[in-house]
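Taking it in order: structure first as structure tokens, then the write-up.
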Amino acid sequence: QEQLVESGGGLVQPGGSLRLSCAASRIIFSFYTMGWYRQAPGKQRELVAAIKSGDSTNYADSVKGRFTITRDNAKNTVHLQMNSLKPEDTAVYYCKADHAGTEYWGQGTQVTVSK
């Protein structure tokens, strides 16, 4: 069964950093656009960053210059490096794989930015 497993979430102080990872299994990883989404309480899920199979990337305006998405096709893994974290970055972060109308989601990892 296709699976995405996120890791790396946690509690961090404002200005701190976290690195999220998403490991994929049972998909042809290199074909997929990989994305990180987040959902804060009471808000809709939103795109944070995405990276296509050709390594082109796009970011939400709110994270540009602070977050970096990368992928390692040899390890079927996508990472989200998050720097200069703000309280408003607090959310559950989800990994998504998307290709030709087929998509898979991970179970999410909590990121909390607080003093």
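The values are calculated or read from the model by the stated rules, or taken from the named source; none is laboratory data. Because the structure is predicted, anything quoted here is derived from the model rather than measured. Neighbour counts run over all protein chains shown; Cβ positions are idealised from the backbone, glycine included. These accessible areas exclude ligands, DNA and RNA; they are computed on the full protein's heavy atoms, side chains included. Shrake-Rupley method; radii C 1.70, N 1.55, O 1.52, S 1.80 Å.
Counting only strands (runs of 3 or more DSSP E) that fall entirely inside the range 5-58 and contain at least 2 residues that are open to solvent by less than 20 Å² (accessible area, probe 1.4 Å) and modelled with pLDDT of 95 or more, the qualifying elements are 18-25, 33-39, 46-51. Hey, can you tell me all the residues within the range 59-76 that are within 14 Å of the chain's Cα centre (by Cα), surrounded by fewer than 16 Cβ atoms within 10 Å (Cβ to Cβ) and either touching a residue at least 40 places away in the same chain (Cβ under 8 Å) or part of a strand (DSSP E or B) (or both)? Residues satisfying the conditions are T70, D72. Within the option set Y93, Y104, being at pLDDT 95 or above, in contact with a Phe, Trp or Tyr (Cβ under 9 Å, 6 or more places away or on another chain), open to solvent by 20 Å² or more (accessible area, probe 1.4 Å) and among the aromatic types (F, W, Y) holds for one residue only, Y104. Taking the stated definitions as given, is T109 in contact (Cβ under 8 Å) with a residue 24 or more places away in the chain, surrounded by 15 or more Cβ atoms within 10 Å (Cβ to Cβ), out of contact with any Leu (no Cβ under 9 Å at 6 or more places or on another chain) and of a type in the set (S, T, Y)? When the stated conditions are applied, T109 does not pass them. Determine whether D98 is modelled with pLDDT of 95 or more and open to solvent by 50 Å² or more (accessible area, probe 1.4 Å). So D98 fits the description; yes.
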